[in-house]
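Everything on this sheet refers to the single structure shown next.
The values are calculated or read from the model by the stated rules, or taken from the named source; none is laboratory data. Predicted model, so just to flag it, every value in this text is computed and none were measured. Here the Cβ positions follow ideal geometry from the backbone for every residue, glycine too, while neighbour counts run over all protein chains shown.
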Amino acid sequence: MRPLLRALVVLLAVTVAGTAIPTPVGPASDAASDAASGTSWGTLEAQRLTAPTAGETAVRRAARAVREARAAEVAQRRRKQPLRSLTIALDPGHQLGNHNHPRQIDTPVPAGGFTKPCNTTGTSTNGGVAEATVNFWLATAVRKRLRSLGARVPMTRTVNSERRWGPCIDKRGEFGRRVGARLMVSLHADGAPAPDRGFHVIAPTKRAPWTTDIADASYRLATALRNGLTAAGVPRSNYIGGSSGLDVRSDLGTLNMSDVPVAMIEIGNMRNPGDARLMTSARGRARYADAVVRGIRTFLGR
Ligand SMILES: [Zn+2]
């Protein structure tokens, strides 16, 4: 029986029994008096749960038992759902239909003291799987895991469609604050020469006044994500960041426009056959997703 329910049964038993419940003096006499008087199971439970304090009436003891049981349930729920009541924003990079809307995605938007095109088309594997699709798969897998830990997980786009475009990078950057998120992770995959492989995580530089307030926390987030991916055995980039798996950039609107700690993951090189295999297999994506969640939890200390 759940602790709270049990406590309520106890309270009921105590209420029915009034103050007539004898103060327990030990297991042997409990058993004896139970046998003699036909004491109910609920009353015995009441005695067990409400170990007496001097001067405390039976009703008060039962009320305390209810409070304690409720606190135990809350603690248990927290253990099961360590991210409960937290909002974590995800940004699956690009949109599958961006290439169908060149005018919209080429429109300049604010990017942190300069302008940049609203969005780009992203890259693809040699086999023709679009980056937008890999980003979306990965974001969905991460969202599922975060939700099961109790978090609310809004995403900058919730469809992966040839008919849609955007959102623009300024809106992506502003998204975390708009939804009240503690942090945002932007998910991308790179397009580099085929021998290049591995992931890297990008944090914003300190760029006054845009990122001065979030640069340090964002770097901590990027480092936690890097550590999560490394612990999961995902290889670090051999072409950016000098094997640190980290990069710091001032030219990315999604990072510059953010007002919550933010990091962008380039999960691998789509033009590298090994990385592409990982990205396009369910097992590979599960490994990435577990690693990203581990990094987020490390950053949050939960
Ligand atoms: Zn991208």
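Residues in segment 172-191 that are buried (at least 20 other Cβ atoms within 10 Å of the Cβ) and basic (Lys, Arg): how many?
1
Among the residues of segment 241-260, which ones are over 23 Å from residue 117 (Cα atoms) and either outside the structural domain of residue 108 (by TED's automatic domain parsing) or not hydroxyl-bearing (Ser, Thr, Tyr) (or both)?
Across segment 241-260, the qualifying residues are 241, 242, 245, 246.
Filter segment 128-155 for residues that are outside any helix (DSSP H, G or I) and out of contact with any helix residue (DSSP H, G or I) (no Cβ under 7 Å at 6 or more places or on another chain) and give the result.
128, 149, 150, 151, 152, 154
Can you find, within segment 110-127, the residue that is surrounded by the most Cβ atoms within 10 Å (Cβ to Cβ) among those that are within 16 Å of the ligand (Cβ to nearest atom) and part of a loop (DSSP other than H, G, I, E, B)?
119
Being loosely packed, with under 13 Cβ neighbours inside 10 Å and either in contact with a strand residue (DSSP E or B) (Cβ under 6 Å, 6 or more places away or on another chain) or at pLDDT 85 or above (or both) is the filter here, so list the residues in segment 41-74 that pass it.
Scanning segment 41-74 gives 67, 71.
Please work out which residue is surrounded by the fewest Cβ atoms within 10 Å (Cβ to Cβ), limiting yourself to segment 128-141 and to residues that are of a type in the set (A, V, I, L, M, F, W, C) and within 16 Å of the ligand (Cβ to nearest atom).
129
Could you please find all residues in segment 161-191 being of a type in the set (Val, Ile, Thr) and assigned to a loop (DSSP other than H, G, I, E, B)?
If the condition is that a residue be of a type in the set (Val, Ile, Thr) and assigned to a loop (DSSP other than H, G, I, E, B), then 179 is the only one that fits.
Tell me, which residue of segment 152-200 that is under 24 Å from the mean Cα position of the chain (by Cα) and of a type in the set (Phe, Trp, Tyr) is farthest from the ligand (Cβ to nearest atom)?
So the residue we want is 175.
How about segment 192-302: which strands (runs of 3 or more DSSP E) wholly inside it have at least 1 residues that are surrounded by fewer than 16 Cβ atoms within 10 Å (Cβ to Cβ) and touching a residue at least 60 places away in the same chain (Cβ under 8 Å)?
Ranges flagged: none.
Please enumerate the residues belonging to segment 103-114 that are out of contact with any helix residue (DSSP H, G or I) (no Cβ under 8 Å at 6 or more places or on another chain), closer than 16 Å to residue 167 by Cβ and not basic (Lys, Arg).
104, 106, 107, 108
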